[in-house]
Amino acid sequence: MSVNPESELLAVYDAAGQVIGEADRGTVYREGLWHGSAGVLVRSGDGSRIYVHRRTDSKLVFAGLHDCLAGGVVDAGEDPADTAARELYEELGITLPTGTAPALRAAASWDGVWAGRPLRCHLFGYEVRYDGPIRHQPSEIADGWWWRDAELRAHLRDPAWPFVPDTRVILDDLLTD
């Protein structure tokens, strides 16, 4: 990760989901350029629980909101599956076995607004099963816990519960009950 996150080069997409170039993160966010984001839903080994977390208040986007995907933006030249594995390790300290990748379970596009500006993103939702230790990256994750799908759905029904809006777009394809 660079010292200044706004200078990191991201893959720039068109509205149809094709990579068309690259730009620094600051430009992507300021100009509302389409970009990619890969997130991983972490399920317990038996599939009965999912890991939910709260983002730190210092995040550039969706600061302080809850999420159930460990993820981030697709860097220039990076495949979304590689982004997912990288972010899983960076945010939660989970390393996938050599030669394995998280399973792609959902994809969607989100054309929304954040901080008064357009925020356009192609989302790639992955899943892993995991029962080992979780280590939060302090600059990104403030807290985390395990919930059953029904517990998360109950919180999501409360419009006042602060949850990242782009993850909502693909959650129905990721949750089981």
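The values are calculated or read from the model by the stated rules, or taken from the named source; none is laboratory data. No experiment lies behind these values; they were computed from the predicted model shown. Virtual Cβ from ideal backbone geometry, glycine too; neighbours counted across all protein chains shown. Keep in mind that these areas ignore ligands, DNA and RNA; they rest on the heavy atoms of the full protein, side chains included. Shrake-Rupley method; radii C 1.70, N 1.55, O 1.52, S 1.80 Å.
Under the definition of Cα pairs under 8 Å and six or more residues apart, what whole-number percent is the relative contact order of the chain? Don't jump to the answer; show the numbers that get you there.
Working: 375 pairs, mean separation 45.4, N = 177.
Answer for the chain is 26 percent.
In terms of the ratio Rg/(2.2 N^0.38 Å) built on C-alpha atoms, what value belongs to the chain?
0.97
Rounded to a whole number, what % of the accessible area of the stretch 67-177 do carbon and sulfur atoms account for, probe 1.4 Å?
52
Nearest 10 degrees is fine. How inclined is helix 165-174 to the longest principal axis of the chain, computing both from alpha carbons?
50
For the stretch 54-116, take the convex hull of the Cα atoms, compute a quarter of its surface area, and give me that in nm², please.
Hull-based average projected area comes out at 5.5 nm².
For the stretch 34-78, just say rounded, prolate or oblate: build the C-alpha gyration tensor, square-root its eigenvalues into a ≥ b ≥ c, call rounded for a/c under 1.5, and beyond that prolate if a/b exceeds b/c, oblate if not.
oblate
Please state the relative contact order of the stretch 46-139 as a whole percent: Cα pairs under 8 Å, 6+ residues apart?
Normalised by residue count, the contact order of the stretch 46-139 is 24 percent.
Using only Cα atoms and rounding to the nearest 10 degrees, what angle (0 to 90) does helix 80-92 make with the longest principal axis of the chain?
60
Among 99, 154, 74, which residue has its Cα furthest toward the positive end of the charge dipole of the stretch 46-177, with +1 on Lys/Arg Cβ and -1 on Asp/Glu Cβ?
Farthest towards the positive pole: 154.
Can you classify the stretch 4-70 as rounded, prolate or oblate using the Cα gyration tensor, where a ≥ b ≥ c are the square roots of its eigenvalues, rounded means a/c under 1.5, and otherwise it's prolate if a/b beats b/c and oblate if not?
Working: a/c = 3.08, a/b = 1.65, b/c = 1.87.
Verdict is oblate for the stretch 4-70.
Per-residue counts of other Cβ atoms within 10 Å, averaged by peptide: what ranking do you get for 154-163, 108-117, 76-85, highest first?
Highest mean packing first, the order is 76-85, 108-117, 154-163.
Residues with amide H under 5 Å of residue 142's amide H, sequence separation 5 or more or different chain, H placed in the peptide plane at 1.01 Å from N; which?
The list, which skips near neighbours in sequence, is 54, 55, 56.
With +1 on each Lys and Arg Cβ and -1 on each Asp and Glu Cβ, and nothing else charged, work out how big the dipole of the chain is about its Cα centre, in Debye to the nearest 20.
I would put it at about 400 debye.
Principal axis extents for the stretch 83-177, Cα atoms only, whole Å, descending order, please.
40, 28, 27
In whole Å, what is the distance between the alpha-carbon centres of the stretch 84-104 and the stretch 135-164?
If we compute the Cα centre of each part, the gap is 20 Å.
In terms of modelled amide H atoms, which long-range or inter-chain residues lie less than 5 Å from the amide H of residue 75?
Under 5 Å from the amide H of residue 75 lie the amide H atoms of 11, each far enough along the sequence or on another chain.
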